[in-house]
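Data first, discussion second: the structure below is written as structure tokens.
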Amino acid sequence: MFYQKEIRLKARSRGFHIITHELESQLPELHKIKTGMANFFIQHTSASLTINENVSPDVRSDMESHFNHMVPENAPYYDHTLEGSDDMPAHIKSSLFGPSLSIPITNGALNLGTWQGIYLCEHRNHGGSRKVVVTLIGE
Amino acid sequence: MFYQKEIRLKARSRGFHIITHELESQLPELHKIKTGMANFFIQHTSASLTINENVSPDVRSDMESHFNHMVPENAPYYDHTLEGSDDMPAHIKSSLFGPSLSIPITNGALNLGTWQGIYLCEHRNHGGSRKVVVTLIGE
Amino acid sequence: MFYQKEIRLKARSRGFHIITHELESQLPELHKIKTGMANFFIQHTSASLTINENVSPDVRSDMESHFNHMVPENAPYYDHTLEGSDDMPAHIKSSLFGPSLSIPITNGALNLGTWQGIYLCEHRNHGGSRKVVVTLIGE
């Protein structure tokens, strides 16, 4: 079975957001797969996807603090500055996290660990709605 | 062919460890696949998987040194500190490396480059045994 | 359908390079797949693959500037220094970006976003030609 769908995520503020439920609720086809893989691919270069802790909101806000520190705005060595001070850091962060997640499917569901949630990493101040291509492969 | 298995890695100290053989030795099913993909997915948010140099132990210890420098403990901007000074850095590192690896299978074996080995990145001081879901897809 | 091919990229200078066309032009098999996934796996530990902005050359040169700053040569804590000052930073960068990309295939083509291109990240001063194993899965 090969299944593919484009999902439009609702717009979110700059930072890290749990979107596990928003994705799963739009993928009833997951239930038809006993063993397989799900790939989530975000079609942008200033937002990304990652997996991290799904309980404490502090983890999400500390992630934002740390990456703003590690990838600062207005670094003296940036030349790509026309689209605003949040633009080049957003490109760098998007490559640090990466555009896609490959998650095993087991018995009709994403086989995430107990504490794992899917994060949208929104690196722009006003990123708008983001598009994710989901591909399910399995039997 | 879709094959899936949960592998429990033995507990390891904080740092970077080559686990290629520990994984391969538990996957006799690899030999049945001529062309395909293997996905290794770690079900944790404070340990991760990566691929790097499989010879010099210096590479592993320098990785630990560098990431402790780049993602320090006790950063003044961390709020998530209840579970110890190694906790929030472990979450950040786990997203930098990512939870999963997708490796081609060719003629019954993982098609790694000559110098590539699979690393377990153990970011906690006492992480204990870690769980990896392996999915093999191929023919 | 499972298809696999080894592609040799031409040698490039240290830095970030768009290789989308070099890859696609060697993959006529893409056209045979309506729905599926393409995996690109680089068999090296001092070069990597990522996806980022496909227009402005400034993004590529700013990426190089930033990662040279974030992962410096000659850090006092490196022990792995025999192969030159660009060696250990190259290993660290290769794990930050990762060795592989999983990109959806839709209607016979890589389903990249409008602004997305595939980058070769060459982290060595003289890396030479790099080898990428491409696996296409789909129907």
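The values are calculated or read from the model by the stated rules, or taken from the named source; none is laboratory data. Just so we're clear, the structure is a prediction, and the values are computed from it rather than from any experiment. Because the Cβ atoms are built from the backbone with ideal geometry, glycine has one as well, and the counts that use them run over all protein chains shown. Side chains included, ligands, DNA and RNA excluded: accessible areas come from the protein's heavy atoms. Shrake-Rupley method; radii C 1.70, N 1.55, O 1.52, S 1.80 Å.
For the reader, a short list of remarks on this structure follows.
- Residue in region A:117-139 that is farthest from the other protein chains (Cβ to nearest Cβ), counting only those that are under 26 Å from residue B:46 (Cβ atoms) and in a strand (DSSP E or B): A:122
- Residue in region A:29-39 that is facing chain C (nearest Cβ under 9 Å), surrounded by 17 or more Cβ atoms within 10 Å (Cβ to Cβ) and under 12 Å from the mean Cα position of the chain (by Cα) present: yes
- Condition broken by residue B:100, with the remaining ones in (1) at the interface with chain A (Cβ under 9 Å from one of its Cβ atoms); (2) open to solvent by less than 10 Å² (accessible area, probe 1.4 Å); (3) within 13 Å of the chain's Cα centre (by Cα) satisfied: (2)
- All of (1) open to solvent by 20 Å² or more (accessible area, probe 1.4 Å); (2) farther than 30 Å from residue B:139 by Cβ; (3) small (Gly, Ala, Ser) hold for residue C:117 with one exception: (1).
- Restricting the first member to region C:76-96 and to residues that are in contact (Cβ under 8 Å) with a residue 24 or more places away in the chain and in a loop (DSSP other than H, G, I, E, B), and the second to residues that are buried (at least 21 other Cβ atoms within 10 Å of the Cβ) and not basic (Lys, Arg), the beta-carbon pairs closer than 8 Å and six or more apart or on different chains are C:86/C:123.
- Entry remark, region B:103-114: residues being more than 16 Å from the chain's Cα centre (by Cα) and either without any contact (Cβ under 8 Å) to a residue 12 or more places away in the chain or open to solvent by less than 30 Å² (accessible area, probe 1.4 Å) (or both) number 6 in total.
- Subset of region A:49-89 [of a type in the set (D, E, K, R), within 11 Å of chain B (Cβ to nearest Cβ) and either in contact with a strand residue (DSSP E or B) (Cβ under 8 Å, 6 or more places away or on another chain) or buried (at least 18 other Cβ atoms within 10 Å of the Cβ) (or both)]: A:53, A:60, A:62, A:64
Let's see how each residue does on (1) among the charged types (D, E, K, R); (2) closer than 20 Å to residue A:126 by Cβ; (3) in contact (Cβ under 8 Å) with a residue 12 or more places away in the chain:
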position: A:25; (1), (2), (3): no, no, no
position: A:33; (1), (2), (3): no, no, yes
position: A:61; (1), (2), (3): no, yes, yes
position: A:64; (1), (2), (3): yes, yes, yes
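- For region A:35-59, filtered to residues that are polar (S, T, N, Q) and without any contact (Cβ under 8 Å) to a residue 60 or more places away in the chain, the residue that is nearest to residue C:39 (Cα to Cα) is A:45.
- Qualifying positions in region A:120-137 - open to solvent by less than 40 Å² (accessible area, probe 1.4 Å) and either out of contact with any strand residue (DSSP E or B) (no Cβ under 7 Å at 6 or more places or on another chain) or of a type in the set (Val, Ile, Thr) (or both): A:128, A:132, A:133, A:134, A:135, A:137
- Among residues of region A:5-20 that are part of a strand (DSSP E or B), those with a beta-carbon under 6 Å from a residue that is open to solvent by 60 Å² or more (accessible area, probe 1.4 Å) at least six positions away or on a different chain give the pairs A:7/A:26.
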